[in-house]
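S.K.: I have a structure here, written as structure tokens, and I will follow up with some questions on it.
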Amino acid sequence: DAGITQSPRHKVTETGTPVTLRCHQTENHRYMYWYRQDPGHGLRLIHYSYGVKDTDKGEVSDGYSVSRSKTEDFLLTLESATSSQTSVYFCAIRGQGIGSVLLEQFFGPGTRLTVL
Amino acid sequence: EDKVVQSPLSLVVHEGDTVTLNCSYEVTNFRSLLWYKQEKKAPTFLFMLTSSGIEKKSGRLSSILDKKELFSILNITATQTGDSAVYLCALMNTGFQKLVFGTGTRLLVSP
């Protein structure tokens, strides 16, 4: 258990409504990531963060925004949800190694989002 | 664009069989290759490979990387029903160490 929680774990919403997913970590890790997982596509990176207020886009960032106002929380917002954003969303964290040490990413339990 | 291709897409074996899962990749700035196991929940980390020819081993699972031919294999010997899962291969790039995933191999081990 890498100390990652996600909330909510399940959500059903309607097209056009805003949705915020939360990732919370207790390990004080610097790097945090949001992925979505869809059949036939595997896991795809949406946004990532390399520190408080430091974020950048991944490969499928359109329609999503993120915020990180404190180390432990990384929020993913769908400003106006669409049916194509129905997916399972995973948060991941990675620690900071010494020098060029590579560290693996650990994943949260996931949030299943359905947009009707 | 970095790319990961896994094969086969799915596989059914009998308990006790040995299986080999394949991962080939294209990358501009390679840092490492990772294997994850995913059951009906979040992916769990198995191996990280950075150097060619050095086998990583954990119990019945082992993996090796060939950076010249751009592929990795994951071997599972004496398979058990608990090995049934989707196995994911991912590339880690330079910089912020983002991961690019393959679509996975779904393994079913029948009793």
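S.K.: With an 8 Å cut-off on Cα pairs and a minimum separation of 6 or more residues, tell me the relative contact order of the range B:3-103 in percent. Could the numbers behind the result be given before it?
M.R.: On the way: 216 pairs, mean separation 36.0, N = 101.
Reported relative contact order: 36 percent.
S.K.: While we're here: What span do the alpha-carbon atoms of chain A cover on each of the three principal axes, reported in whole Å from largest to smallest?
M.R.: 46, 31, 25
S.K.: In peptide B:41-47, how many Cβ atoms from other protein chains are near each Cβ within 10 Å, on average?
M.R.: Values: counts 5, 13, 9, 2, 6, 1, 1.
Per residue, the number of nearby Cβ atoms from other chains is 5 on average.
S.K.: Could you tell me how far the Cα centroid of the range A:8-78 sits from the Cα centroid of the range B:19-36, in Å?
M.R.: Spelled out, the Cα-based centre of one part sits 24 Å from the other.
S.K.: May I ask you to sort B:VAL13, A:VAL19 by Cβ crowding, counting other Cβ atoms within 10 Å and putting the fewest first? Walk me through the numbers before you get to the answer.
M.R.: Values: B:VAL13 16, A:VAL19 20.
The fewest-first ordering by Cβ neighbours comes to B:VAL13, A:VAL19.
S.K.: Return a whole-number percent for the relative contact order of chain A, with Cα pairs under 8 Å and 6 or more residues apart as the contact set. Could you put the intermediate results ahead of the total?
M.R.: Numbers: 298 pairs, mean separation 40.4, N = 116.
RCO, chain A: 35 percent.
S.K.: Alpha carbons only, please: Rg and Dmax for the protein assembly as shown, in angstrom.
M.R.: Every Cα atom of the protein assembly as shown included, Rg and Dmax give 17.7, 51 Å.
S.K.: Given A:SER61, A:HIS24, A:GLY42, which one lies farthest toward the positive end of the charge dipole of chain A, if we put +1 on the Cβ of every Lys and Arg and -1 on the Cβ of every Asp and Glu?
M.R.: A:HIS24
S.K.: May I ask you to derive the FRET efficiency for A:THR15 and A:LYS53 from their Cβ-Cβ distance with R0 = 35 Å, giving the value to the nearest 0.05?
M.R.: Numbers: r = 31 Å, r/R0 = 0.88.
Rounded to the nearest 0.05, the efficiency is 0.70.
S.K.: Shifting gears a bit: Let me know the mean shielding of A:51-59 by other chains, meaning the per-residue number of their Cβ atoms within 10 Å of its Cβ.
M.R.: On the way: counts 0, 0, 0, 1, 0, 3, 0, 3, 4.
Mean shielding count: 1.
S.K.: What average count of beta carbons from other chains do you get within 10 Å of the Cβ of residues in A:103-112? Please report the intermediate quantities before stating the final value.
M.R.: Numbers: counts 5, 12, 10, 4, 7, 2, 2, 4, 0, 0.
Counting Cβ atoms of other protein chains within 10 Å of each residue's Cβ and averaging gives 5.
S.K.: Once the convex hull of the alpha carbons of chain B is built, what does its volume come to per residue, in cubic angstrom?
M.R.: Details: hull volume 10.3 nm³, N = 111.
Dividing the Cα hull volume of chain B by its residues yields 93 Å³.
No value in this document is a laboratory result; all are computed from the given coordinates. From a predicted model like this one, the values you see are computed outputs, not experimental measurements. Methodologically, a virtual Cβ is constructed for each residue, glycine included, from the backbone with ideal geometry; neighbour enumeration extends over all protein chains shown.
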